[in-house]
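Notes for the one structure printed next.
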């Protein structure tokens, strides 16, 4: 596949995540569930989905465009999650699958990982 930059908000702690940790365990209350109800992403149904474990590998959710992250997270939501150890990142992925509203990819085969400046997402 042609390498593609993919964007995500992720925890720096593998035992935490927005909905699930690295073992596939639900950790909603430590991630997106810790935000108030004004967070529109909080109400998304994120039940377990086999797509994230296809082929016995761990596939990570992402956005194909950086600006898509500001659709899912407000500046206030992002600030709160960053205080809890989350960071904006981009990966140069080579193994990815594009779905209607997300792209999943393998971190293990990504060519590069870059942490992004939070302020770049919410410039006025």
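Taken together, the values in this text are just the output of simple stated rules run on the coordinates, not laboratory data. From a predicted model like this one, the values you see are computed outputs, not experimental measurements. As a convention, Cβ positions derive from the backbone with ideal geometry for all residues, glycine included, and neighbour counts pool all protein chains shown.
Placing a label point 7 Å from the Cα of residue 4 along the Cα-to-Cβ direction, the residues of segment 54-70 with a backbone N closer than 20 Å are 54-55, 57-70. Ranked by how many other Cβ atoms sit within 10 Å of their own Cβ, fewest first, the residues 59, 5 fall in the order 5, 59. Let me make sure I get this right: for segment 61-109, a, b and c are the square roots of the gyration tensor eigenvalues over alpha carbons, sorted descending. Under 1.5 in a/c it's rounded, otherwise prolate if a/b > b/c, else oblate. Which is it? It comes out oblate by the Cα gyration axes.
Extension gain for residue 83 to residue 64 (0.36 nm times residue separation, less C-alpha to C-alpha distance): 4.4 nm. By other beta-carbon atoms within 10 Å, ranking 6, 116, 69 with the fewest at the front produces 116, 69, 6. Per residue, the average separation of C-alpha pairs within less than 8 Å and at least 6 apart gives segment 4-121 a relative contact order of 31 percent. In terms of other Cβ atoms within 10 Å, 67, 10 run from fewest to most in the order 67, 10. For segment 4-121, the C-alpha radius of gyration divided by 2.2 N^0.38 Å, with N the number of residues, is 0.99.
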